[in-house]
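Undergrad: Below you will find the structure I want to go over with you.
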Amino acid sequence: MSSTGDAETTQLAPEAGEIPTNSTVNRRQGFGDGFLSTISTGWADRPEILPEPREQAAFTARRRAAVSAAFPGKRLVVPAGPYRVRSNDTDYPFRAHSAFAHLTGWASDAVPDSVLVFEPREAGGHDITLHFRERADRTTAEFYADPSIGEFWIGPRPALAGVAADLGLATAHIDAFQGSDADLVVDQDADLTRFVSELRLRKDEYEIAQLQLAVDVTADGFDDIVANLAGIVEHPRGERVVEGVFHRRARSDGNGEGYDTIAASGPHACYLHWTRNDGAVAPGDLILIDAGVEVDSLYTADITRTIPVNGRFSEVQRRVYEAVRQAADAALAAARPGAKFSELNAAAWRVIAHRIEEWGFLPVSAEASLDPATGHHHRRWMVHGTSHHLGLDVHDCAQARRELYAGGTLEPGMVFTIEPGLYFQIDDLTVPAEYRGIGVRIEDDILMTADGPVNLSAAIPRTADEVEAWVARLNP
Ligand code: GLY
Ligand code: MN
Ligand code: MN
């Protein structure tokens with residue numbers, strides 16, 4: 001239901017005989033006096049029990065201090081964002097803006113339309129206040145007549161004092177917030193948007209633990225898929241069953257998926273953004289599954305595995321798979337503190353270009369193909385890059401400056417993917433017929449430490465032999 005809390009929804013339903021002015025309330029019944037005179041009374045008191053600050057409160061305070069120090073004298077506004085309409089009066093599930101979650105620690109439980117406000121102090125620094133729509137008391141029409149935000153309808157909502165204690169932040173009602181043209185607002189002001197994105201390039205201890213949790217739940221979701229392969233093969237839209245099996249794990253053990261699952265069997269694996277997921281999953285095919293659980297703190301994993309549906313790679317499938325695996329290993333070997341982010345990509349493409357040269361259908365030499373200005377013929381079969389930052393967003397830190405991202409250097413605390421692939425589309429006449437319709441990607445989530453990279457997703461089977469053993473183990 002639409003949850004904008006606007007006048008139309010917060011006012012009482014129309015009185016008997018009154019003609020509603022908005023078609024979304026035409027179906028509602030008016031309230032009789034008996035209901036109106038009794039609905040606000042007879043409720044038990046709710047004692048306000050203040051929680052201890054949540055685990056991330058110490059970390060978010062440091063992040064806010066960094067933002068405050070970078071913008072002296074400026075009033076800063078970080079919105080959580082509103083509900084977004086899916087259709088008519090039905091919204092998409094609310095998901096707070098990542099910058100808001102990062103700076104408040106309010107994540108899957110955040111209230112829509114909240115704003116974090118940095119009010120500059122005369123003496124320097126900022127007073128920082130989280131404004132949100134506090135629950136309305138039971139004497140208000142909002143309580144009993146607003147199906148989108150009234151507690152009678154949607155269940156308990158937080159109070160100012162509880163949220164303040166929970167997040168370690170001053171709180172105030174959203175009605176006490178007034179924007180001004182001079183405010184710097186995230187997603188409107190380029191400098192602030194860039195700063196809060198770059199602030200997420202290096203993850204703190206809390207974030208790393210949450211990313212490991214997201215990866216671990218995702219690993220369980222992949223196990224669920226492999227264990228259900230028999231039922232997946234039976235269904236005419238087996239790809240949807242894959243999506244559904246993963247969704248069950250994502251919702252039961254996390255907040256949901258961090259992005260739409262790609263469940264791409266056979267030739268569909270060659271379409272990088274195959275999210276239609278309406279195909280069959282046939283024995284003899286490879287199925288490429290790119291899926292990540294977003295946990296309640298909103299950190300997400302981003303994992304891809306490519307699995308032989310009948311449990312065994314064919315000779316040519318294995319050849320392609322192991323080439324991709326070697327490309328991933330080469331990128332991982334290139335990952336060290338101080339290495340350029342772009343070196344990961346270069347290492348993976350080097351393997352890919354050389355393997356295709358060996359297979360005899362690269363139209364130039366591998367070295368010629370690796371020339372960024374005159375070559376890149378191999379990218380017909382791996383068009384995407386090898387790595388991106390990962391965190392609250394699947395493509396995290398997207399507003400960071402190029403010199404800190406694509407042109408940047410790997411530092412301890414960074415978390416990023418390594419995800420080479422090879423995709424030979426079914427109608428690609430430039431490759432031998434035996435390769436056509438094979439698509440493979442292997443994607444792992446990597447933490448950089450002072451001692452080198454740690455593969456957070458190493459527990460999910462990776463080599464061709466490991467993947468075959470995995471299918472066999474879960475399908476006895
Ligand atoms: N799942 C999106 C990506 O791999 O970047
Ligand atoms: Mn990715
Ligand atoms: Mn992915």
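The values are calculated or read from the model by the stated rules, or taken from the named source; none is laboratory data. Not measured: the values here are computed from a predicted model. Reconstructed Cβ throughout: ideal geometry from the backbone, glycine too, with neighbour counts over all protein chains shown. Note: areas computed on protein heavy atoms with side chains; ligands, DNA, RNA excluded. Shrake-Rupley method; radii C 1.70, N 1.55, O 1.52, S 1.80 Å.
Undergrad: How charged is the neighbourhood of Glu119? Take every other residue with its Cβ under 9 Å from the Cβ of Glu119, and add Lys/Arg as +1 and Asp/Glu as -1.
TA: +1
Undergrad: Is the shape of the stretch 68-180 rounded, prolate or oblate, going by the alpha carbon gyration tensor and its root eigenvalues a ≥ b ≥ c, with a/c under 1.5 for rounded and a/b larger than b/c for prolate?
TA: prolate
Undergrad: Hey, another quick one. Taking Rh as the Kirkwood radius, which is the inverse of the mean 1/r over Cα pairs, what is the Rg/Rh value for the stretch 159-278?
TA: When Rh is taken as the Kirkwood radius, the ratio is 1.13.
Undergrad: Would you mind checking the tilt of helix 464-474 against the longest principal axis of the Cα atoms of the chain, expressed as 0 to 90 degrees and rounded to 10?
TA: For 464-474 against the chain, the angle is about 60 degrees.
Undergrad: Okay, moving on. Quote the accessible area belonging to Phe152 in square angstrom, nearest 10, computed with a 1.4 Å probe and with ligands, DNA and RNA left uncounted.
TA: Surface accessible to solvent at Phe152 totals approximately 90 Å².
Undergrad: If one takes the longest principal axis of the Cα atoms in the chain, at what angle in degrees, from 0 to 90 and to the nearest 10, does the Cα axis of helix 57-70 lie?
TA: The angle comes out near 90 degrees.
Undergrad: Now for a different question. In sequence order, what are the phi-derived ³J(HN,Hα) couplings for the stretch 376-384 according to the Karplus relation 6.51 cos²θ - 1.76 cosθ + 1.60 with θ = phi - 60°, rounded to whole Hz, with x for glycine and proline?
TA: 6, 4, 5, 6, 4, 10, 8, 6, 8
Undergrad: Based on the alpha-carbon gyration tensor of the stretch 342-476, what equivalent-ellipsoid semi-axes (square roots of 5 times the eigenvalues) come out, in whole Å, largest first?
TA: Taking √(5λ) for each Cα gyration eigenvalue gives 27, 24, 13 Å.
Undergrad: What angle do you read, to the nearest 10 degrees and between 0 and 90, between the alpha-carbon axis of helix 315-334 and the longest principal axis of the chain?
TA: 70 degrees
Undergrad: Here's something else I'd like to know. So what is Rg over Rh here for the stretch 417-476, counting just Cα atoms and using Kirkwood for Rh?
TA: So for the stretch 417-476, dividing Rg by the Kirkwood Rh gives 1.12.
Undergrad: While we're on this one: Mind listing the phi-derived Karplus ³J(HN,Hα) values for the stretch 442-449, rounded to whole Hz, using 6.51, -1.76 and 1.60 with θ = phi - 60°, and x for any glycine or proline?
TA: 10, 10, 10, 10, 10, 9, 8, 10
Undergrad: With every protein chain present, what accessible area does His126 have (1.4 Å probe, heavy atoms only), rounded to the nearest 10 Å²?
TA: 10 Å²
Undergrad: Quick one: ranking His388, His268, His273 by accessible area, 1.4 Å probe, largest first, what do you get?
TA: Output order, biggest surface exposure first: His273, His268, His388.
Undergrad: Using alpha carbon coordinates only, what is the Rg to Rh ratio of the stretch 344-388, with Rh defined as the Kirkwood radius?
TA: 0.93
Undergrad: Report, to two decimal places, the Cα Rg of the stretch 271-345 normalised by 2.2 N^0.38 Å (N = number of residues).
TA: 1.39
Undergrad: Continuing with this model, one more query. Can you give me the relative contact order of the chain as a percent, contacts being Cα pairs under 8 Å and 6 or more apart?
TA: Computed value for the chain: 14 percent relative contact order.
Undergrad: Search the structure for amide H atoms under 5 Å from the amide H of Ser265, placed 1.01 Å from N in the peptide plane, and list their residues when 5 or more places away or on another chain.
TA: Amide H to amide H, under 5 Å and 5 or more residues apart or across chains, Ser265 pairs with Leu288.
Undergrad: Quick one: Kirkwood hydrodynamic radius for the stretch 22-112, alpha-carbon pairs, angstrom, one decimal?
TA: Computed over the stretch 22-112, the radius equals 17.7 Å.
Undergrad: Still on this model: Using a 10 Å Cβ count of at most 15 others and DSSP loop calls, identify the longest part of the chain lacking such GluC sites (Glu not before Pro).
TA: For GluC sites (Glu not before Pro) (loop position, at most 15 other Cβ atoms within 10 Å), the longest site-free span of the chain is 123-476.
Undergrad: Testing the spin-label approximation: label points 7 Å from Cα along Cα→Cβ at Leu429 and Leu50. State their distance in nm.
TA: 7.5 nm
Undergrad: With viscosity set to 1.306 mPa s at 10 °C, what whole-number translational diffusion coefficient in µm²/s follows for the stretch 192-261 from Stokes-Einstein and a Kirkwood radius over Cα pairs?
TA: Using the Kirkwood radius from Cα pairs, D works out to 114 µm²/s.
Undergrad: Let me ask another. Using only alpha carbon pairs under 8 Å that are at least six residues apart, calculate the relative contact order of the stretch 370-419 and give it in whole percent.
TA: RCO, the stretch 370-419: 42 percent.
Undergrad: Using only protein heavy atoms and a 1.4 Å probe, report how much of Ser252 is accessible, in Å² to the nearest 10.
TA: Ser252 exposes around 80 Å² with every protein chain in place.
Undergrad: Further, regarding this structure: Rounded to the nearest percent, how much of the accessible area of the chain (1.4 Å probe, protein heavy atoms only) is carbon and sulfur?
TA: Looking at the chain in its full context, I get 51 percent from C and S.
Undergrad: Evaluate E = 1/(1 + (r/R0)^6) for Ala159 and Asp371, where r is the Cβ-Cβ distance and R0 equals 45 Å; express this FRET efficiency to the nearest 0.05.
TA: The calculated FRET efficiency here is 0.10.
Undergrad: Among Pro156, Ala368, Pro412, pick out the residue whose Cα is farthest towards the positive end of the charge dipole of the chain, where Lys and Arg carry +1 and Asp and Glu carry -1 on C-beta, about the Cα centre.
TA: Going by the charge dipole, the pick is Ala368.
Undergrad: Next up: Over the stretch 237-380, with a single point scatterer placed on each C-alpha, what log10 of the ratio I(q)/I(0) does the Debye formula yield at q = 0.11, 0.15, 0.17 1/Å?
TA: -0.54, -0.92, -1.08
Undergrad: Suppose every Lys and Arg Cβ carries +1 and every Asp and Glu Cβ carries -1, with no other charges. What dipole size does the stretch 376-445 come out with about its Cα centre, to the nearest 20 debye?
TA: I would put it at about 300 debye.
Undergrad: Compute the whole-percent fraction of alpha carbon pairs in the stretch 166-213 spaced more than 18 Å apart.
TA: Summing the P(r) of the stretch 166-213 above 18 Å gives 59 percent of all pairs.
Undergrad: Is there a quick way to get the dipole size of the stretch 260-398? I mean about its Cα centre, with the Cβ of Lys and Arg at +1 and of Asp and Glu at -1; what is the value in debye to the nearest 20?
TA: Rounded to the nearest 20 debye, it is 420 debye.
Undergrad: Right, another one. Taking the alpha carbon gyration tensor of the chain, what are the square roots of 5 times its eigenvalues, largest first, to the nearest whole Å?
TA: Sorted largest first and rounded, they come to 47, 29, 19 Å.
Undergrad: Which whole-Hz couplings ³J(HN,Hα) result when phi for each residue of the stretch 184-193 is put into the Karplus expression 6.51 cos²θ - 1.76 cosθ + 1.60, θ = phi - 60°, listed in order with x for Gly and Pro?
TA: Calculated HN-Hα couplings, in order: 9, 10, 4, 6, 10, 9, 5, 5, 5, 4 Hz.
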